[in-house]
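Participant: Here it is, the structure in full.
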Amino acid sequence: MELSSKTKPLLLLLLLLFTFSSVSESNQFCDAGIEYGEPGCGISSSSSKILIKGGTVVNAHKEEVADVYVEDGIIIAVKPNIKVGDDVTVLDATGKFVMPGGIDPHTHLAVENGVLESIDDFFSGQAAALAGGTTMHIDFVFPVRGSLTAGFEAYKKKAKNSCMDYGFHMTITKWDEVVSKEMEIMVKEKGINSFKFFMAYKGAVMINDEILLEGLKKCKSLGALAMVHAENGDAVYEGQKRMIELGIIGPEGHALSRPPMLEGEATSRAICLAGFVNTPLYVVHVMSIDAMEEIATARKQGQRVIGEPIVSGLALDESGLWDPDFVTAAKFVMSPPIRASGHDKALQAALSTGILQLVGTDHATYNSTQKALGIDDFRKIPNGVNGIEERMHLVWDIMVESGQISATDYVRITSTECARIFNIYPRKGAIFPGSDADIIILNPNSSFEITAKSHHSRSDTNVYEGRRGKGKVEVTIAGGRIVWENDELKVVPGSGKYVEMPPFSYLFNGIDKGDAKYLSSLQAPVKRFKSTD
């Protein structure tokens, strides 16, 4: 049926209204699929030259009062009293901290679990990150039909609308010669220097010790960092069956089925195998005292183990899982689970003393409708919580405002250490001449409040709902462009760059000497005389 000339504009208007109906008024930004070049879309027209005046510049090693001059996406100078011309955008940072933009080492944007895809893609998730002061993230690529190469290409397509820089980790879910050869391609040609192994999720992506050992050996030979999701998947599977048999089908069953001891056991086993191979190990989302203590013991003995707590583990306890409202309880479901009160404080203390090294988020968001898939069986609730927008604010409030760490330590655990571990420092993670102009201005005297009504994630819930604190990111500069200022987000789809990360980070320094020391200690093979008749 042909539409009349009067009907067409009306339908178009209704379509546009419907398109934006899921985004609150304070949460409107250029959504993927909308005409990006339309007026009001939020494309920044700021100068390519920026001067940040009078702030306290904080790097991981020191802080100093200085100006920062940026041109064409690169930091040109960091020194007092920089003079510039009229064509430069000037930002007054007096009384505020000027810091490297955050780097989130652990995210899952547009991740598929076989049934559905997470609600935040590479555009909305990155837009949320920029509003919270994170200017780069590293996402996890999953193989496609077992192929690492196909997985990499699929994720590059997912990231085509990126509005900030990003890198990739690669997940290993099986082992054969093809996977081994593809790992070489990922490292030598695709800029990936880390591989993740799941010790949980039986029947899906879980690997056994044999595969983990093969993977650890291959990572070592390539100078790539092995990462583990450390939970005993066989025991978790048994725990899930136990809960169902007891009639515990709600979100609380998720936490009860995978207690801290199972995280501690898997962490210990992974550390043991990495030590046996003599290769560095990165333990993702450390959620419990049990896992943290295993890391502390290994590091005390000189083993190269990196422990990554995440914001939900530092800021929350498991009480939300027992909320009588399913929607509220289900939003807290993630793996390993958010633990009982006390684990959070212990993780904070470990972070402040260097037992744990950097903070991620494990950002993987699902809305309340998606979470409701498990309303009659907690095993079907998609795992994941938000955090990519909230991380920088919450870590400042929890760790710095409370006096547990300094501003320089804050930069180290939210940015610099990640850049060093994944071998992109000082291009990222520093405010030095020549570094990328990924910068935030944080006002320690300003306050923030977190709510789903104003956040930039597409999710309709937020696990930090109603949380207030001190220390607000007032300006975010990504790639030399002002993208967050005056609570307004100005993002450009497609402006983000894929950051290649070379192998053999500082964690591999001296590994060969360790191997040589081991060989010399063997006192073998022993020369023996064969007996003769």
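Participant: Roughly speaking, what is the stretch gain from Ala349 to Gln523, that is 0.36 nm per residue apart minus the C-alpha to C-alpha distance, in nm to one decimal?
Facilitator: 58.4 nm
Participant: Please work out, to two decimal places, the log10 of the ratio I(q)/I(0) at q = 0.13 Å⁻¹ from a Debye calculation in which every Cα of the range 183-230 carries one identical scatterer.
Facilitator: -0.29
Participant: Another question about this same structure. Could you tell me which of Phe152, Phe195, Leu256 has its Cα farthest along the dipole of the range 111-268 towards the positive end, charges placed at Cβ (Lys, Arg +1; Asp, Glu -1), taken about the Cα centre?
Facilitator: Towards the positive end, the residue furthest out is Phe152.
Participant: Let's test this: bin the Cα-Cα distances of the range 359-516 at 5 Å from zero up to the farthest pair and state each bin's percent.
Facilitator: Result, from short to long distances: 2, 7, 12, 16, 18, 16, 11, 9, 5, 3, 1, 0 percent.
Participant: Convex hull over the Cα atoms of the range 247-287, averaged projected area in nm²?
Facilitator: Numbers: hull surface 13.8 nm².
Seen from a random direction, the Cα hull of the range 247-287 projects 3.5 nm² on average.
Participant: At q = 0.14, 0.18, 0.24 Å⁻¹, what log₁₀ I(q)/I(0) does the range 229-307 have when each alpha carbon counts as one equal point scatterer in the Debye sum?
Facilitator: Log10 I(q)/I(0), no solvent term: -0.49, -0.70, -1.01.
Participant: Run the numbers for Ile248 and Asp209: contour at 0.36 nm per residue of separation, minus the present Cα-Cα distance, in nm.
Facilitator: Details: separation 39, 0.36 × 39 = 14.04 nm, distance 3.08 nm.
11.0 nm is the gain from fully extending Ile248 to Asp209.
Participant: Provide, for q = 0.11, 0.20, 0.21 Å⁻¹, the log10 of I(q)/I(0) from a solvent-free Debye sum over equal Cα point scatterers in the range 72-148.
Facilitator: Listed by q, the Debye log ratios stand at -0.50, -1.02, -1.08.
Participant: Now for a separate question. Out of all DSSP beta bridges with both ends in the chain, state the antiparallel percent to the nearest 5.
Facilitator: Bridges in the chain are about 50 percent antiparallel.
Participant: Still on this structure, I have one more. Give the separation of the Cα centroids, the range 44-92 to the range 196-244, in Å.
Facilitator: 45 Å
Participant: Let me ask something else. In the structure displayed, which of Lys62/Lys472; Lys53/Lys156; Lys218/Lys345; Lys202/Lys428 lie more than 27 Å apart, Cα to Cα?
Facilitator: Violating the 27 Å limit, Cα to Cα: Lys53/Lys156; Lys218/Lys345; Lys202/Lys428.
Participant: Given the peptides 127-139, 96-108, 498-510, arrange them by the average over their residues of other C-beta atoms within 10 Å, most packed first. Please list the in-between numbers first.
Facilitator: Values: 127-139: 28.8, 96-108: 27.3, 498-510: 16.2.
Averaged packing, sorted descending, gives the order 127-139, 96-108, 498-510.
Participant: I'm a student and want to see the number: the projected area of the Cα convex hull of the range 404-462, averaged over all directions, in nm².
Facilitator: Here the figure is 6.1 nm², rounded to one decimal.
Participant: Follow-up question, since we're still on this one. Given a Förster distance of 51 angstrom, what is the FRET efficiency for Tyr506 paired with Ser531, based on the Cβ-Cβ distance and rounded to 0.05?
Facilitator: Step by step, r from the Cβ atoms, then E = 0.45.
Participant: Have a look at Ile413, Thr297, Val333 and report the one farthest towards the positive end of the charge dipole of the chain, computed about the Cα centre with Cβ charges (Lys/Arg +1, Asp/Glu -1).
Facilitator: Looking along the dipole axis, the top candidate is Thr297.
Participant: Cα gyration tensor of the range 470-509, axes a ≥ b ≥ c as square roots of the eigenvalues: rounded (a/c below 1.5), prolate (a/b > b/c) or oblate?
Facilitator: oblate
Participant: Could you tell me the convex hull volume per residue, in Å³, taken over the Cα atoms of the chain?
Facilitator: 189 Å³
Participant: May I pose another question? Grab the eigenvalues of the alpha-carbon gyration tensor for the range 267-316, scale each by 5, take roots, and send me the semi-axes largest first in whole angstrom. Could the numbers behind the result be given before it?
Facilitator: Numbers: eigenvalues 85, 19, 14 Å².
Computed over the range 267-316, the values are 21, 10, 8 Å.
Participant: Summing -39500 (n - 2.57) over the DSSP H runs of n ≥ 4 in the chain and dividing by its residue number, what mean residue ellipticity at 222 nm do you reach, to the nearest 500 deg cm²/dmol?
Facilitator: Taken over the chain, the calculation gives -8500 deg cm²/dmol.
Participant: OK, next. So how strong a dipole does the range 292-439 carry about its Cα centre when Lys and Arg Cβ are +1 and Asp and Glu Cβ are -1, to the nearest 20 debye?
Facilitator: Here the size comes out at about 560 debye.
Participant: Cβ neighbours within 10 Å, averaged per peptide: list 189-195, 250-256, 72-78 in order, most packed at the top. Intermediate results must be reported in sequence, preceding the final value.
Facilitator: Details: 189-195: 21.6, 250-256: 23.6, 72-78: 16.6.
Final packing ranking: 250-256, 189-195, 72-78.
Participant: Nearest 20 debye, what's the magnitude of the dipole of the chain about its Cα centre given +1 on Lys and Arg Cβ and -1 on Asp and Glu Cβ?
Facilitator: On the way: 54 positive and 67 negative charges, 287 e Å.
Dipole of the chain, to the nearest 20 debye: 1380 debye.
Participant: Counting only heavy atoms of the protein chains, get the accessible area per residue of the chain (1.4 Å probe) and round it to a whole Å² value.
Facilitator: Per-residue value: 42 Å².
Participant: Let me ask something else about it. Taking the range 276-372, how much of its Cα-Cα pair set, in percent, is spaced more than 22 angstrom apart? Working shown, then result.
Facilitator: On the way: 1580 of 4656 pairs.
Distances greater than 22 Å cover 34 percent of the Cα pairs.
Participant: Test of understanding: what is the full-extension gain from Ile76 to Gln404, defined as 0.36 nm times their sequence separation minus their Cα-Cα distance?
Facilitator: The Ile76-Gln404 span can extend by a further 114.8 nm.
Participant: For the range 426-514, what D do you get in µm² per second when you plug the Kirkwood radius from alpha-carbon pairs into Stokes-Einstein at 25 °C and 0.890 mPa s?
Facilitator: 149 µm²/s
Participant: Cβ neighbours within 10 Å, averaged per peptide: list 446-454, 469-477 in order, most packed at the top.
Facilitator: Descending mean neighbour count gives 469-477, 446-454.
Participant: Here is a follow-up. Work out the FRET efficiency for Thr369 and Val65 from their Cβ-Cβ distance, taking R0 = 51 Å, and round it to the nearest 0.05.
Facilitator: 0.55
Participant: Shape verdict for the range 106-248, please, from the Cα gyration tensor: rounded (a/c under 1.5), prolate (a/b greater than b/c) or oblate.
Facilitator: oblate
Participant: Can I ask one more? With the crude spin-label approximation of a point 7 Å out along Cα→Cβ, what separation in nm comes out for Lys188 versus Ser447?
Facilitator: If labels sit at Lys188 and Ser447, their model points lie 5.8 nm apart.
Participant: Further question: Between the range 371-415 and the range 492-533, how many Å separate their Cα centres?
Facilitator: Spelled out, the Cα-based centre of one part sits 34 Å from the other.
Participant: On to the next question. Have a look at the range 65-115 and give its Rg and Dmax from the Cα atoms, expressed in angstrom.
Facilitator: 17.8, 57
Participant: Return the FRET efficiency for the residue pair Glu153, Ala516: r is the Cβ-Cβ distance, R0 is 45 Å, and the value is rounded to the nearest 0.05.
Facilitator: 0.70
The values are calculated or read from the model by the stated rules, or taken from the named source; none is laboratory data. Quick caveat: nothing in here was measured; it's all calculated off a predicted structure. Reconstructed Cβ throughout: ideal geometry from the backbone, glycine too, with neighbour counts over all protein chains shown. Quick note on the areas: whole protein, heavy atoms, side chains included, nothing else; ligands and nucleic acids left out. Shrake-Rupley method; radii C 1.70, N 1.55, O 1.52, S 1.80 Å.
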